[in-house]
Structures are given as C-alpha cells and as structure tokens.
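Input: a single structure, listed below in structure tokens.
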Amino acid sequence: MALMTGEQYIESIRKMNMEVYMFGKRVECPVDDPILRPSLNSVRMTYDLAQMPEYQELMTVISPYTGKRVNRFTHIHQSTEDLRNKVKMQRLLGQKTAACFQRCVGMDAFNAEFSTTYEIDKKYGTHYHENFRKFMMYCQENDLTVDGAMTDPKGDRSKAPHAQADPDLFLHVVERRPDGIVVRGAKAHQTGVLNSHEVIVMPTISMGPDDKDYAVSFAVPMDTKGIFMVIGRQSCDTRKCEGSEMDVGNAEFGGVEALTIFDDVFVPNDRIFMNGETEFAGMLVERFAGYHRQSYGGCKVGVGDVLIGAAAVAADYNGAAKASHVKDKLIEMTHLNETLYCCGIACSAEGYPTESGNYMIDLLLANVCKQNVTRFPYEIVRLAEDIAGGLMVTAPSEADFRSEKLGPYVDKYLRGVTAVSTESRLRILRLIENLCLGTAAVGYRTESMHGAGSPQAQRIMIARQGNLEHKKALAKAIAHIEE
C-alpha cells in the first residue's frame, strides 16, 4: 500500500470499533466528536505533509526493510542524519498544528524495541526481534499510526510491581497459553492512543526477578477485545462544543489523553516482544526515554515558534511592539526556544549505531534536552502572558462580540491599535490563552514537565551518564595530583 492521504487516515480510524468513554458515557463516533476531532486533525497533518513534495525528505524515507517510501514515523533510524531529520520534522509539525501531533511515542517505541529485542534474542535465543520486524514492516506497508504505552498507574511508588496491594496497578501477564498470553492492567496519560491503529505496550520501570510477569512488551490493534479508553479532561475542552471557533483559540488542532484499560486482553505469540526477561526491562525503558526526550527538542520548539509569533502579533495589536522591554522579552523567548532545538540536534548529531544496526541518540544530551524542556517553556509562557496582557483571560465570549446589543460596546472598548480590528485582537489573544492555559497547554506546558518522565528521572540519567569520575581525573591531571 502507498502512503495514506490524510482523508484515508481519517476513514481508516472511522472503521475501527474502539471502545471510548468520556463524561461517563460511551462515545459512539469518536471521529466526529467535537471535543476529540481536533486531536485527530493533528495526526492527519502527519499524513498530509507526507504527500507534499516540498516536505518529502523530512516526512518520508525509503525503508531499508521494505524498499518502499514510508512515513518517517514508522522508520527505524539508520544514521545521525535520520536522527536530525526526525527533530526537524517534529519542529515542522509543531509549527503547523501548534499542538501535539501524537505519533512521536510510537516512533520512539519502534526504535527502542528494535535494538532491545535484538539483544534479548542474542542472550536467550528467543524470536522477539523477528516478531518486531514483522510488525514494524506491517505498519510501514500499511502506513499505520502506532501509540507507545509505557506509563503504568504505579500505585504506591515505594513498592515494586509485584509488591503492590493491587497487582493490576502495573500491567502484567495473568495467563500464559500455548498460543499467547493474557494481560491485565492499565496505561495512564496515553497521548494519541485514541487516534492510533495499533499500540505497543512496554514496561515502565526497571524490574527485579520477582517482577517476571510485569516484564512484558507486545503490540495489539486498538480495537482488540478488552481494551477501552477513558478520555482525560483538559482545560477549556467543552468550549469546542459551544460552536465558537474564536473562543477555542485553535479550533482545528489539539491533543487528547486517555486512561487505557487492558481487561484480560489476549496477545498472540507473534506479537510478543518481551515476556519475563526482567533484566531487559530497564534497557527498553532507558532507550525509549532517551529517544522520547530527544523528541521534545523538536515538537515543543515548533509549538514555541507559534507562541512566540502570537506574542509578537499581540504586541503589534496592543501598540507595544516598539517598547524596549517587549523586544527584549521576545528575544529571550527566542533564545530559550532555540536552545531547546540545539539540544535536540546535538543529541542526534552525537548518535551511534546499536548492535542491531539502528541508531541511538546520545543519552546524556537527550536527558539534558528534556531537563531544559521542563523549564524553558514555562518561562516562554510567562513572557507570552506578560506581553499579551490580562485581556487574554478576561475577554468576553464570541457570543457577546456578535450580540446586537453588546457587540458594538465590546468592539469599541476592546480595540487596540486603530488599524487592527477588535476581532483580530481577540483571536490572537485566544490563541495565546489556548497555548498557555487551554487544551494546547496540556501538550505544551504540562507535558513539558511530565512527558517522557519527570524532571527527576532526567537528573538521575544525567548523573548516571555524566561520567563524574572522568571529570575528576581531568582536574587531578591539570593540578598534578597523583594518588
């Protein structure tokens, strides 16, 4: 099959019989739900751009496994150029959607699984790598969107998976059959799972010998029996149901998260990528986290580009663009945003081949990248809110603006510079509100903190990868200290 168009992707999701719940009720047609549709449109952009000649080199690549052109989101990285192009692609999509486009987790899971399954097979003589390669090529040939599910609810964080009061708080194997396994549990905060054809499940932490049933990785279609989703709330989410495109701020694009429950789900043998090899759980987690922390040097930068642009437009409309402090704030926002991009490119440029042949990013620099992402977007948001002014959160609704009685007053008193309409001013302020506080803030601000692991998770990896003993040796050599 050739690369899907955006419309073909939409229809392929429509044909799936996923079990989705929101506000206590089952959503009969998620594709057409006004709250959920913007998130689907964001994924669609990954298909639409792949059809455009000017973006072909970023969005697509010739697969060494199928010999055909595939979407980069299903690609196994073959070089540092691939790693850099991944980050550039993510920035482009952030610029085009100003939202989370949701396919990064699956792409990062692909590459972590590829190398980890190879090394499990090398030690145990299993067939996980063969299983994964077949699954990967199936996704490439059918141009599928794949979600990566890693985060378990975790319960009591002080206890290992096997020691939890409720064994289901970490997803685990409850039955092993000759033809496969049955799993039970849940994955939390699953971005884009609703808009995916398949899901790759991975363990969420390193594990010991007693956690054998929890060291499991596999892939299944999202409409597999026993899988259902409970959609997470987002700030301002019901504005999408009010019929006001202006009040939403970014009416076309968005993101969506879900608590995804696996209620005794059967997984056939040829879809299993790990089954009890506890010592490799940490490797898979570390490699996935590294790739995903690299991703944030692209996607968050693209959304940051839009927010910086919106703040600059707001300054124009407020008549404050020439103020020296406003210029300085825009410079600082740009500096912070480009620093994030530098980290994403740097960890890519310093990548190296794994035993399996695909390329891994520099783990230390990837974790530095994500550590910066836990901080800089918050400062960019603060500066954007400063430039925009309080009207960003106190403006009347579009219904008031369109009102025969109230509209003239809103238009009169909320106009900025004379040459710009009040409507344009309100629209740019709503976009800033959406990026800083609304539904997009989940995918920009809060996800910058907790996505791909907490800030402390990156600090642990920085300590582990920082090679402090080597730095001590350098200092002793310069100081002529011999021990």
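Picking from residues in segment 70-89 that are farther than 12 Å from Y55 by Cα and polar (S, T, N, Q), the one that is most open to solvent (accessible area, probe 1.4 Å) is Q78. Entry remark, segment 384-412: residues being surrounded by 19 or more Cβ atoms within 10 Å (Cβ to Cβ) and without any contact (Cβ under 8 Å) to a residue 40 or more places away in the chain number 2 in total. Does E355 meet the test of being over 27 Å from N250 (Cβ atoms), among the charged types (D, E, K, R), in contact with a Phe, Trp or Tyr (Cβ under 8 Å, 6 or more places away or on another chain) and surrounded by fewer than 24 Cβ atoms within 10 Å (Cβ to Cβ)? Criteria met by E355. Per the listing R271, R287, the residue uniquely among the basic types (K, R) and out of contact with any Leu (no Cβ under 9 Å at 6 or more places or on another chain) is R271.
Out of V306, V301, I need the residue that is within 17 Å of the chain's Cα centre (by Cα) and either modelled with pLDDT of 95 or more or surrounded by fewer than 19 Cβ atoms within 10 Å (Cβ to Cβ) (or both). Which one? Give the derivation first.
Working: V306 fails: within 17 Å of the chain's Cα centre (by Cα).
The conditions single out V301.
What are the pairs with Cβ atoms under 7 angstrom where one residue, in segment 261-289, is at positive phi and the other, located anywhere, is modelled with pLDDT of 95 or more and buried (at least 22 other Cβ atoms within 10 Å of the Cβ)? Sequence gap at least six, or different chains. Pairs found: G276/A215. Of all residues in segment 7-31, those being touching a helix residue (DSSP H, G or I) at 6+ places or on another chain (Cβ under 7 Å) and buried (at least 17 other Cβ atoms within 10 Å of the Cβ) number 7. Looking for something among the hydroxyl-bearing types (S, T, Y), within 26 Å of the chain's Cα centre (by Cα), farther than 20 Å from V285 by Cα and open to solvent by less than 20 Å² (accessible area, probe 1.4 Å) - is there at least one such residue anywhere in segment 136-151? Checked against the condition, which is being among the hydroxyl-bearing types (S, T, Y), within 26 Å of the chain's Cα centre (by Cα), farther than 20 Å from V285 by Cα and open to solvent by less than 20 Å² (accessible area, probe 1.4 Å), segment 136-151 yields at least one hit. The set of residues in segment 109-119 that are crowded, with 24+ Cβ neighbours inside 10 Å and either more than 26 Å from the chain's Cα centre (by Cα) or aromatic (F, W, Y) (or both) contains only F110. Checking each residue in segment 32-50 for being surrounded by 15 or more Cβ atoms within 10 Å (Cβ to Cβ), of a type outside the set (V, I, T) and in a helix (DSSP H, G or I) picks out R37, P38, S39, L40, N41, S42, R44, M45, Y47, D48, L49, A50.
Residues that are in contact with an Asp or Glu (Cβ under 8 Å, 6 or more places away or on another chain) and assigned to a helix (DSSP H, G or I) were ranked within segment 98-108; the one that is most open to solvent (accessible area, probe 1.4 Å) is V105. For segment 162-221, the strands (runs of 3 or more DSSP E) that sit wholly inside it and include 1 or more residues that are in contact (Cβ under 8 Å) with a residue 40 or more places away in the chain and open to solvent by 20 Å² or more (accessible area, probe 1.4 Å) are 172-177, 180-187, 216-221.
With respect to the stated conditions, Y291 is hydroxyl-bearing (S, T, Y), buried (at least 20 other Cβ atoms within 10 Å of the Cβ) and closer than 30 Å to P161 by Cα.
So which residues in segment 230-282 are among the polar types (S, T, N, Q), surrounded by 18 or more Cβ atoms within 10 Å (Cβ to Cβ) and in a helix (DSSP H, G or I)? Selection gives T278 alone.
Looking at Y128, is it surrounded by fewer than 19 Cβ atoms within 10 Å (Cβ to Cβ), within 30 Å of Y352 (Cα to Cα) and in contact (Cβ under 8 Å) with a residue 40 or more places away in the chain? For Y128, the condition - surrounded by fewer than 19 Cβ atoms within 10 Å (Cβ to Cβ), within 30 Å of Y352 (Cα to Cα) and in contact (Cβ under 8 Å) with a residue 40 or more places away in the chain - is not met. Being closer than 20 Å to F288 by Cα and assigned to a helix (DSSP H, G or I) is a property that does not hold for R445. Residues that are in contact (Cβ under 8 Å) with a residue 60 or more places away in the chain, more than 23 Å from L437 (Cβ to Cβ) and of a type in the set (F, W, Y): does segment 242-253 have at least one? Checked segment 242-253: no residue is in contact (Cβ under 8 Å) with a residue 60 or more places away in the chain, more than 23 Å from L437 (Cβ to Cβ) and of a type in the set (F, W, Y). Only one of the numbered conditions (1) open to solvent by 40 Å² or more (accessible area, probe 1.4 Å); (2) part of a helix (DSSP H, G or I) is violated by L429, and that is (1). Does any residue of segment 279-296 turn out to be among the β-branched types (V, I, T) and more than 20 Å from E447 (Cα to Cα)? The answer is no; no qualifying residue exists.
Looking only at segment 456-467, decide whether some residue is touching a Lys or Arg at 6+ places or on another chain (Cβ under 6 Å) and open to solvent by less than 50 Å² (accessible area, probe 1.4 Å). Scanning segment 456-467, I find at least one residue that is touching a Lys or Arg at 6+ places or on another chain (Cβ under 6 Å) and open to solvent by less than 50 Å² (accessible area, probe 1.4 Å), so the answer is yes.
In segment 362-383, the residues that are open to solvent by less than 50 Å² (accessible area, probe 1.4 Å) form Cβ pairs under 9 Å with partners that are part of a loop (DSSP other than H, G, I, E, B) and acidic (D, E), at six or more places apart or across chains, as follows: D362/E350; L364/E350.
The values are calculated or read from the model by the stated rules, or taken from the named source; none is laboratory data. A quick note: this is a predicted structure, and the numbers were derived from the prediction, not measured. Counting neighbours? That spans all protein chains shown, and the Cβs are built from the backbone with ideal geometry, glycine included. The protein model used for the area step is the full one, side chains on, heavy atoms only, and it has no ligands, DNA or RNA in it. Shrake-Rupley method; radii C 1.70, N 1.55, O 1.52, S 1.80 Å.
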